[in-house]
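The values are calculated or read from the model by the stated rules, or taken from the named source; none is laboratory data. Keep in mind that this is a model prediction, so the values were computed, not measured. A quick note on method: Cβ atoms are made from the backbone with ideal geometry, for glycine too, and the neighbour counts reach across all protein chains shown. Protein only, heavy atoms only, side chains kept; ligands, DNA and RNA dropped before computing areas. Shrake-Rupley method; radii C 1.70, N 1.55, O 1.52, S 1.80 Å.
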Amino acid sequence: MLDLVVRSAQTVATGVVSLELADPGAAVLPEWAPGAHIDLHLPSGLVRSYSLHGDPHDRGAYHVAVLNVPDGRGGSGEVHRTATAGATMSASAPRNAFALEPASHYLFLAGGIGVTPLLAMAREVSRRAEPWTFVYGGRSRAHMAFVDALSALRGGDLQIIPQDEAGLPNLAMAFAALPPGAAAYCCGPPPMLDAALAAAGQARPDIPVRLERFIAPPPAGDPSQDQGFEVELARSNVTVTVPPGVSILDAVRAEIPGVMSSCEQGICSACETAVLAGVPDHRDSVLTPKERAANDYMMICVSRALTPRLVLDL
Ligand code: FES
């Protein structure tokens, strides 16, 4: 855990505050790569994950941007109320479940506050002088943060598409224009991510599409059909029973209260746990198909078991 101080808090778009977080003693912060996020531990006890949008080469500060969602789960409103200049807060070290992979061309698709991880990625790709296209949609220009920062990046093709002026981005056209070997990185509200997957499937099924979600998709399957199972916690030498309707995370916490979590929706990777035996029923939105097939790790906040017993490295 890191104890950080809010060095500045600036409104960067309608309802969006950007925080500059630093060590109180100006110590160098742990390194990170574009796509990474940190968990902020809020005064109420809520833990919320936010993508880093600054420059990884600046080891003196982290930058996160938070959209206030009045009808959300309370975390963003608390950040807006409490994270003022000079306030202190605890944060996790950066973690990355959305890392850049080598590609011949990068397509970044951002919707609203989903611009944050993609800004850091585009900055990195621009620095490497690799080709990129950035399609950024938002409700209106006033709602779109970091347009100036994106406009300052060299090379690439930046398309700023405020919905009230230009409607929705033509995602199929964006995919169709990509060369072989390209990759797409998308972050935004669920309808936009669904549209991106549909456009890729229709226009360019050869293009890998990586998604970063900040709202979990509807759960797959019927939770009323869930079965109970046992989980052995190898390092703790304890076995817990996970009944239907109870998450592995909650069952484990009865034995190990400090187990880490954040979103508890399968979208942030804070609860990622190594699987030593058994077959998980992956229900998260973090792992790639390859990682799911490997069954080396699982998100214990939402995933369950396909075998009567799992053994976890806890
Ligand atoms: S707590 Fe976020 S994926 Fe489990």
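Among the residues making up the range 41-71, those that are in a loop (DSSP other than H, G, I, E, B), of a type outside the set (Gly, Ala, Ser) and away from the ligand (no atom under 16 Å from the Cβ) are Pro43, His53, Asp55, Pro56, His57, Asp58, Arg59, Asn68, Val69, Pro70, Asp71. Are any of the residues in the range 44-53 open to solvent by 10 Å² or more (accessible area, probe 1.4 Å), over 22 Å from Ala149 (Cβ atoms) and touching a His at 6+ places or on another chain (Cβ under 7 Å)? Looking for residues that are open to solvent by 10 Å² or more (accessible area, probe 1.4 Å), over 22 Å from Ala149 (Cβ atoms) and touching a His at 6+ places or on another chain (Cβ under 7 Å), one finds at least one in the range 44-53, hence yes. Among the residues of the range 21-45, those identified as closer than 20 Å to Ala120 by Cα and more than 19 Å from the chain's Cα centre (by Cα) are Ala22, Val28, Leu29. Comparison of Ala200, Ala174 shows that the only residue that is of a type outside the set (Phe, Trp, Tyr), open to solvent by less than 40 Å² (accessible area, probe 1.4 Å) and free of Cβ contacts under 8 Å to residues at least 60 places away in the same chain is Ala200.
Answer with yes or no whether Leu193 is open to solvent by less than 10 Å² (accessible area, probe 1.4 Å), away from the ligand (no atom under 16 Å from the Cβ) and assigned to a helix (DSSP H, G or I).
yes
Can you tell me which residue is least open to solvent (accessible area, probe 1.4 Å) among those in the range 72-130 that are outside any helix (DSSP H, G or I) and of a type in the set (S, T, N, Q)? Looking at residues that are outside any helix (DSSP H, G or I) and of a type in the set (S, T, N, Q), I get Ser92. Checked against (1) more than 19 Å from the chain's Cα centre (by Cα); (2) not in a helix (DSSP H, G or I); (3) not hydroxyl-bearing (Ser, Thr, Tyr), Ala149 passes all but a single condition, namely (2).
Kindly state which strands (runs of 3 or more DSSP E) lie completely within the range 206-314 and contain at least 2 residues that are within 15 Å of the ligand (Cβ to nearest atom), out of contact with any Asp or Glu (no Cβ under 8 Å at 6 or more places or on another chain) and touching a residue at least 12 places away in the same chain (Cβ under 8 Å).
The strands (runs of 3 or more DSSP E) meeting that bar are 209-212.
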